[in-house]
Amino acid sequence: MSMDEQAGQEQAGDEKAGATIPDVLLRFSAAERHTVVGSLPDGHARTLAGTFATWAHEGQVAPDGVWRTWVLMAGRGFGKARAGSEWVLEAVRAWRALGQAHPRPLPQAGGERRSPSRLREGLGEGESPLPRGEALRIALVAATVDEARRVMVEGPSGLLACARDREIAEWAPWRRELAFAGGAVATLYSGTSPESLRGPQHHLAWCDELAKWRHAEATWDMLQLGLRCGERPRALVTTTPKGGCAALARILDAQGTVLSGGSSRDNPHLPEAFIEAITAAYGGTRMGREEIDGEFVCDVAGTLWPAALIDASRGPVPEPESLVRVVVGVDPPASAEGTCGIVVCGLDREGTGHVLADHSAGGLSPEGWACKVAAAAEAHGADRVIAEKNQGGDMVRSVLRAAGIELPMTLVSASKGKAVRAEPVAGLFECGRARLAGRFPELEAELGGMVPEGYAGARAAKGSRSPDRADAMVWALWALLIAPRAAPRVRVV
């Protein structure tokens with residue numbers, strides 16, 4: 001079957017499914033895609049390349065509604081710089097259209113038509129999202145002026161590369177200015193020099209890689225104080241997150257901030273070999289969560305398990321014959337929608353505890369999660385199950401027995417508070433007597449939210465209200481390393 005016949009057969013299905021042009025082209029090889037695009041009539045390929053909304057993947061297009069700051073936080077290679085350039089260019093085109101004597105539908109970056117009412121969403125009577133009768137002033141802020149020039153202006157996804165014919169009037173790097181046709185001006189600034197933003201006023205700002213700015217908070221504050229032109233001044237922050245960046249945390253929590261983004265894997269144009277390599281090297285680590293997944297890993301104040309401790313505690317998987325005991329910690333869910341924490345831990349001959357596996361699962365019936373516990377115990381050769389009894393008391397024992405678990409079982413109570421047990425277990429990690437045998441992203445996220453007062457990590461654990469995985473791990477390690485020391489002894493005098 002020829003390529004044309006294949007495309008013809010799939011066209012009807014594409015229309016029904018709402019497939020985009022990239023969806024269709026990515027089915028073909030690189031050579032076939034080149035042939036298809038090369039066969040387009042004169043000018044069509046250039047027009048198609050300039051319709052960014054057609055090519056953008058989720059998270060790259062500005063969100064609708066009323067907002068002051070849009071944070072596009074994503075992994076490496078997601079396409080943040082391209083999104084920033086297209087956002088600026090769209091604003092310049094819309095501003096030029098507003099200056100015309102006869103208003104008409106304003107163009108999106110994708111070449112589609114957006115009605116003035118759509119751009120005016122959330123504005124009052126007589127207000128405009130862009131200035132009329134004055135030059136549009138834009139701030140381009142990066143870690144250094146040199147990075148602003150190399151990435152935001154001259155880079156392969158920068159403003160010069162993404163602009164259409166005759167949209168750029170002048171690029172004057174010595175003045176740190178990019179002038180657009182029609183009079184709009186973008187000025188370059190640096191995150192190392194907050195004072196350079198004291199005085200200038202802007203309608204819009206694009207801030208790139210804010211998490212690496214040397215003086216991020218001071219620079220952001222100076223920018224905000226000057227972001228006061230027009231009826232609706234706005235800023236776009238494109239960044240790979242970095243834990244501990246107080247400025248980024250402030251921006252994300254501020255009223256008027258909207259968030260989009262995603263993982264490096266979301267960009268279909270990145271080589272599969274690259275994705276496979278970085279996932280194998282960094283997947284599940286703190287660096288991978290930030291640099292690949294675009295996740296903001298920020299230590300909760302007072303956490304018992306800081307990210308640095310978690311990374312330092314990671315070790316190899318011990319050989320089965322080196323383990324003298326293996327137990328399964330179970331934290332039953334409070335409801336059918338909850339997660340049952342199921343974590344397997346082992347004790348080696350040297351007295352070190354190892355977190356071996358996380359088999360936690362959510363949305364299961366009591367019989368469903370009990371079967372998961374039974375499977376985990378069998379897979380790892382466990383000799384005991386440690387389960388919290390607070391969520392049903394003897395019901396937990398009966399459910400586990402019904403699932404065929406014949407192992408000895410210990411039911412524990414959290415009546416004194418989960419943190420009372422969690423603190424000494426965290427101490428075991430600090431002194432090297434407990435380790436993580438591998439990478440457990442969801443468990444580690446919950447550990448990061450454990451504080452002496454209880455649990456403060458709902459955001460870090462993707463919205464969960466209870467650290468079910470962390471609790472299950474604590475029960476297991478407590479039974480292996482702490483409970484034996486606390487057993488009563490008879491002293492002979």
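Quick rundown of the values:
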{"read-out": "Filter pass, residue 211 being under 18 Å from the mean Cα position of the chain (by Cα), of a type in the set (A, V, I, L, M), assigned by TED's automatic domain parsing to the domain that holds residue 98 and under 29 Å from residue 57 (Cα atoms)", "value": "yes"}
{"read-out": "Residue, surrounded by the fewest Cβ atoms within 10 Å (Cβ to Cβ), within the range 314-363, restricted to residues that are within 16 Å of residue 377 (Cβ to Cβ) and small (Gly, Ala, Ser)", "value": "361"}
{"read-out": "Cβ pairs under 8 Å, 6+ apart, first in the range 131-158 and over 21 Å from residue 196 (Cβ atoms), second of a type in the set (Ser, Thr, Tyr) and at pLDDT 95 or above", "value": "157/85"}
{"read-out": "Lone unmet requirement of (1) touching a helix residue (DSSP H, G or I) at 6+ places or on another chain (Cβ under 9 Å); (2) more than 29 Å from residue 211 (Cβ to Cβ) for residue 179", "value": "(1)"}
{"read-out": "Criterion violated by residue 311 - all others in (1) surrounded by 16 or more Cβ atoms within 10 Å (Cβ to Cβ); (2) in the same structural domain as residue 353 (by TED's automatic domain parsing); (3) under 30 Å from residue 219 (Cβ atoms) satisfied", "value": "(1)"}
{"read-out": "Test: residue in the range 267-274 that is surrounded by 15 or more Cβ atoms within 10 Å (Cβ to Cβ), touching a residue at least 12 places away in the same chain (Cβ under 8 Å), closer than 21 Å to residue 58 by Cβ and in the same structural domain as residue 144 (by TED's automatic domain parsing)", "value": "yes"}
{"read-out": "Complete set of residues in the range 57-99 that are in a helix (DSSP H, G or I), among the charged types (D, E, K, R) and in contact with a Ser or Thr (Cβ under 8 Å, 6 or more places away or on another chain)", "value": "80, 82"}
{"read-out": "Positions within the range 333-356 being farther than 21 Å from residue 483 by Cβ and in contact (Cβ under 8 Å) with a residue 12 or more places away in the chain, in sequence order", "value": "333, 334, 336, 337, 338, 339, 340"}
{"read-out": "Pairs where the first residue, in the range 389-406, is assigned by TED's automatic domain parsing to the domain that holds residue 373 and the second is in a helix (DSSP H, G or I) and modelled with pLDDT of 80 or more, C-beta under 6 Å, 6+ apart", "value": "399/366; 399/370; 400/370; 403/370; 403/371; 403/374; 404/374; 405/374"}
{"read-out": "Count of residues meeting criterion [modelled with pLDDT under 90 and small (Gly, Ala, Ser)] in the range 248-260", "value": "1"}
{"read-out": "Elements of type helices (runs of 4 or more DSSP H) in the range 272-339, at least 1 residues being over 23 Å from residue 72 (Cα atoms)", "value": "272-282, 307-312"}
{"read-out": "Residues of the range 217-239 classified as touching a Pro at 6+ places or on another chain (Cβ under 9 Å) and either outside the structural domain of residue 157 (by TED's automatic domain parsing) or assigned to a strand (DSSP E or B) (or both), total", "value": "1"}
{"read-out": "Selection within the range 130-178 - more than 27 Å from residue 269 (Cα to Cα), small (Gly, Ala, Ser) and under 34 Å from the mean Cα position of the chain (by Cα)", "value": "139"}
{"read-out": "Considering residues of the range 340-366 that are out of contact with any Leu (no Cβ under 8 Å at 6 or more places or on another chain) and assigned to a strand (DSSP E or B) only, the residue modelled with the lowest pLDDT", "value": "362"}
{"read-out": "Test for residue 421: is it modelled with pLDDT under 80, assigned to a helix (DSSP H, G or I), over 25 Å from the mean Cα position of the chain (by Cα) and of a type in the set (D, E, K, R)", "value": "no"}
{"read-out": "Test: residue in the range 234-254 that is crowded, with 19+ Cβ neighbours inside 10 Å and at positive phi", "value": "no"}
{"read-out": "Number of the exception - residue 282 against (1) assigned by TED's automatic domain parsing to the domain that holds residue 78; (2) surrounded by fewer than 17 Cβ atoms within 10 Å (Cβ to Cβ); (3) in contact with a helix residue (DSSP H, G or I) (Cβ under 6 Å, 6 or more places away or on another chain)", "value": "(2)"}
{"read-out": "Criterion: under 14 Å from residue 477 (Cβ atoms) and in contact with a strand residue (DSSP E or B) (Cβ under 6 Å, 6 or more places away or on another chain) - qualifying residue of 355, 324", "value": "355"}
{"read-out": "Long-range neighbours under 6 Å by Cβ, at least six apart or interchain, first residue within 27 Å of residue 292 (Cβ to Cβ) within the range 77-100, second β-branched (Val, Ile, Thr) and in a helix (DSSP H, G or I)", "value": "81/151"}
{"read-out": "Residue list for the range 168-209, restricted to those being in a strand (DSSP E or B), surrounded by fewer than 20 Cβ atoms within 10 Å (Cβ to Cβ) and hydrophobic (A, V, I, L, M, F, W, C)", "value": "168, 169, 171, 172, 179, 185"}
{"read-out": "Selected residue (criterion: modelled with the lowest pLDDT) from residues of the range 476-493 that are in contact with a strand residue (DSSP E or B) (Cβ under 9 Å, 6 or more places away or on another chain) and farther than 14 Å from residue 423 by Cβ", "value": "483"}
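The values are calculated or read from the model by the stated rules, or taken from the named source; none is laboratory data. All values reported here derive from a predicted model rather than from experimental measurement. Here the Cβ is made from the backbone with ideal geometry for all residues, glycine too, and neighbour counts use every protein chain on show.
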